[in-house]
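A.B. asks: Attaching a single structure in structure tokens format; questions to follow.
Bear in mind these aren't lab numbers, they're just calculated from the coordinates by the rules spelled out. What you see is a predicted model, and the numbers here were worked out from it, not measured in a lab. Here the Cβ positions follow ideal geometry from the backbone for every residue, glycine too, while neighbour counts run over all protein chains shown.
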2 protein chains.
Amino acid sequence: MRGVAVGERTPDAVVPEVPLDRTSPVPLYFQVATRLQQLIEDGGVPVGSRLENEVELAERLGVSRPTMRRAIQYLVERGMLVRKRGVGTQVVHPKVRRPVELSSLYDDLAKTGRDPRTEIRLLEVRPAPDHVAEALGVAPGSEITWFERLRYASGEPLAIMHNAVPTDVLAIERADLERRGLYELLRAAGRVPRMANQVVGARTATGAEARLLGEGRGAPLLTMTRTAWDESGRAVEYGSHLYRASRYSFELTLTI
Amino acid sequence: MRGVAVGERTPDAVVPEVPLDRTSPVPLYFQVATRLQQLIEDGGVPVGSRLENEVELAERLGVSRPTMRRAIQYLVERGMLVRKRGVGTQVVHPKVRRPVELSSLYDDLAKTGRDPRTEIRLLEVRPAPDHVAEALGVAPGSEITWFERLRYASGEPLAIMHNAVPTDVLAIERADLERRGLYELLRAAGRVPRMANQVVGARTATGAEARLLGEGRGAPLLTMTRTAWDESGRAVEYGSHLYRASRYSFELTLTI
DNA sequence: CATGTGACTTTGTCCTGACAAAGTATTGAC
DNA sequence: GTCAATACTTTGTCAGGACAAAGTCACATG
């Protein structure tokens, strides 16, 4: 027979105590959140189960209620937990559903082991054309680096990419661009893209485009134009890209 | 000559006092955030300006520092403000860049005054095909409502839409679907979509599709398949849609 | 048996107070 | 003048307490 504490609903899952390091520079709420996330991903706290109430949880883990709330909130925002007033906190997903990654094609391909390769067909410093200047929010005629790349994956052509980067944001070197993706270069320079506006459409390929991509004339292409900003709100990149629809599609997870 | 208070950096923008209603059910932090957002959008607090420090701001608006912080944090998450420890809080965007709206095509068209109309070409209750069951995360053969719609905007055909909704999530009536968008129906039933996974691609139209959409054979089409979940993590909708690329593109704003 | 009323649980909001960490500006030594 | 040490400003983290609001459940009442 198992004793049941009076005056409290029994939770489905008990979170084991968490070793906290108060001397660490990592904030307490983050230590708690990370540990909780691990437990959920490893199945220690099963999907669908209800957690203890936050007051008790805070007490047992040895943190204040605001800190415990902040840790839980963090996982709620990432889609792992759901809370309801008067009810409790429940696990709804074993894994984090990321809102959308702001990553470059190169990173994505490299991560999935598809051996990205880049052919730089053009690279020049020039005044920004009007539509580019407008997209970047800079004065017309401002100096930008303009380049065109042909991106291969697994040895096959995949995309034609046109980009503009303001010269005062980053000086682009041909050699760097051949080895690494644009976003990696931006990140390395401390101009981390944080926000982006994308328009995704489709059209059929012209003869020249089809030839470059190894498709037939009139083949369907995915088009994507994007402006990206860093955390201080400064535009760091404008891109206008063409993808072979037969070999590429965009996947995105989004939350309200 | 203008006096400068000693012991504090002068801000670029002064937030006027905000009328607060402490009897309202609307939380204080939200009242403050909403008002601040208005001020930024209307230009009362210019883009690029630095706000007063949060301690002073809280004092002057008559709320506690945590409440003020929460209001500011809300706008930081929406991409309007940027904060740096030791520096301050700065306005970076005049308008809210919503992460991405989780709205239906119908809502979007109605909002922009493009007179959406829907022709229901099929509606039946049937067991879920395997790929649909998998996308929804339900048992194969579970009962769903399956329907095909042709969507018009401004009198022109725009999209062919196929959808599946589990019958225990919502009973779909033909009449409702003709007058209102699917997402509006879901919301009205309390099954608010909160998270979605979308895959966007492109292909050329078959003869039948081209005929329905008023395009030529081989015209480029945007394809989109989506699964949407409500806040409790339950799948509420699966959709597989075809858009005329000549008349439609996806725009999305995303943050890391 | 249905039903609504009230006790109770649980999360949401709000407050005060304190110290730490990161940046900026000033000052002083060389 | 240059550079390092120092003072100061500003946001970040953490604690503890109090009350409100929403949901659940048992129980009394019709």
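A.B. asks: State the Cα centre-to-centre distance between the range A:26-84 and the range B:159-214 in whole Å.
C.D. replies: The two parts, judged by their Cα centres, are 36 Å apart.
A.B. asks: What FRET efficiency comes out for A:Phe30 versus A:Val87 if R0 is 45 angstrom and r is the Cβ-Cβ distance? Round to the nearest 0.05.
C.D. replies: Numbers: r = 26 Å, r/R0 = 0.58.
Efficiency, from the Cβ-Cβ distance: 0.95.
A.B. asks: Rounded to the nearest 0.05, what FRET efficiency is calculated for A:Ile120 and A:Thr10 with R0 set to 51 Å and r the Cβ-Cβ distance?
C.D. replies: The calculated FRET efficiency here is 0.20.
A.B. asks: With contacts defined as alpha carbon pairs under 8 Å and 6 or more residues apart, what's the relative contact order of chain B in percent?
C.D. replies: Reported as a whole number, the value is 14 percent.
A.B. asks: Next question, about the same structure. Want the number for B:Asp130 to B:Asn53: 0.36 nm per residue separation, take away the alpha-carbon distance, what's left?
C.D. replies: Details: separation 77, 0.36 × 77 = 27.72 nm, distance 5.67 nm.
Full extension of this stretch gives 22.0 nm more.
A.B. asks: Hey, another quick one. Find out how many positive minus negative residues lie around A:Pro140, taking Lys and Arg as positive, Asp and Glu as negative, among other residues whose Cβ is under 11 Å from that of A:Pro140.
C.D. replies: Within the 11 Å Cβ shell, the charges total -2.
A.B. asks: In addition: If I histogram all Cα-Cα distances within the range A:1-97 using bins 5 Å wide from 0, what percent of pairs lands in each bin?
C.D. replies: Computed distribution, short to long bins: 2, 13, 25, 27, 18, 9, 4, 1, 0.
A.B. asks: Could you give the nm distance between label points at B:Leu20 and B:Arg179, where each point is 7 Å from its Cα heading toward the beta carbon?
C.D. replies: In this crude label model, B:Leu20 to B:Arg179 measures out at 4.3 nm.
A.B. asks: Given 20 °C and 1.002 mPa s, compute D for the range A:174-256 with the Stokes-Einstein relation, Rh being the Kirkwood radius over Cα pairs; round to the nearest whole µm²/s.
C.D. replies: 146 µm²/s
A.B. asks: Also: Which distance in nm do the two modelled labels at A:Gln73 and A:Ser232 give, with both placed 7 Å along the Cα-to-Cβ direction?
C.D. replies: So the two model labels end up 2.8 nm from each other.
A.B. asks: Average the reciprocal distances over every distinct pair of alpha-carbons in chain B, invert the result, and give the Kirkwood radius in Å.
C.D. replies: Details: mean 1/r = 0.0462 Å⁻¹.
For chain B, the Kirkwood estimate is 21.7 Å.
A.B. asks: May I pose another question? Report, in degrees rounded to the nearest 10, the 0 to 90 angle that the Cα long axis of helix A:65-77 makes with the longest principal axis of chain A.
C.D. replies: 40 degrees
A.B. asks: Work out the P(r) tail for the range B:105-244: percent of alpha carbon pairs separated by more than 23 Å, whole number.
C.D. replies: 34 percent
A.B. asks: Using only the alpha carbon atoms of the protein assembly as shown, find the Kirkwood hydrodynamic radius as the inverse mean reciprocal pair distance, in angstroms to one decimal.
C.D. replies: Working: mean 1/r = 0.0382 Å⁻¹.
One decimal place: 26.2 Å for the Kirkwood radius.
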